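Novice: Sending over a structure as structure tokens; questions will come in a sec.
The values are calculated or read from the model by the stated rules, or taken from the named source; none is laboratory data. Remember, predicted model here, so these are calculated numbers, not experimental data. Glycine gets a Cβ as well: all are built from the backbone with ideal geometry, and neighbour counts include every protein chain shown.
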Amino acid sequence: MKIQEVSEMFELTQDTLRYYEKIGLLDKIQKDKSGRRDYQESDLQRLEFVKCMRMAGLSIQLLQKYLNLLEKGEETLEERMNVLIQAKNELLKQQDHIQSSLKRLDYKIEHCCEKLKGFNE
């Protein structure tokens, strides 16, 4: 699959895909006879994981650490689990902040609606 197709499929720019390859979030992508990137199924699976983790809030550095540990094999399982737990805890904190913000917005919206009712009566 060509870079343009992958870019559209994952809603990432081609520059982002090249960057992910350059910094090791993706393995070196095979190239066709013309020298264009030719993504394989394994590349797409890894990219799906990378995108999911980035959307979950993992920093590039933490994701690089995780993927480096993954390449080292089973002896890093506990350390990988700790990285994922750390990421999950950060996401839960974000979720709490979002919930708090949503409650505040709901309160303000309700307050505005009450004032608008008073103006329209």
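Novice: Under 7 Å by Cβ, and 6 or more places apart or on different chains, what pairs join a residue from segment 7-22 that is among the β-branched types (Val, Ile, Thr) with one that is surrounded by 13 or more Cβ atoms within 10 Å (Cβ to Cβ) and at pLDDT 95 or above?
Specialist: Note: pairs meeting the criteria are 13/7.
Novice: Please find, among 90, 74, 48, 110, the residue that is surrounded by fewer than 12 Cβ atoms within 10 Å (Cβ to Cβ), closer than 29 Å to residue 22 by Cα and of a type in the set (D, E, K, R).
Specialist: Values: 90 fails: surrounded by fewer than 12 Cβ atoms within 10 Å (Cβ to Cβ); 48 fails: surrounded by fewer than 12 Cβ atoms within 10 Å (Cβ to Cβ); 110 fails: closer than 29 Å to residue 22 by Cα.
Result: 74 is the single residue among 90, 74, 48, 110 that is surrounded by fewer than 12 Cβ atoms within 10 Å (Cβ to Cβ), closer than 29 Å to residue 22 by Cα and of a type in the set (D, E, K, R).
Listed here are the residues, each with its yes/no results for (1) surrounded by 12 or more Cβ atoms within 10 Å (Cβ to Cβ); (2) at pLDDT below 95; (3) out of contact with any Gly (no Cβ under 9 Å at 6 or more places or on another chain).
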site: 14; (1), (2), (3): yes, no, yes
site: 78; (1), (2), (3): no, no, yes
site: 100; (1), (2), (3): no, no, yes
site: 106; (1), (2), (3): no, no, yes
site: 116; (1), (2), (3): no, yes, yes
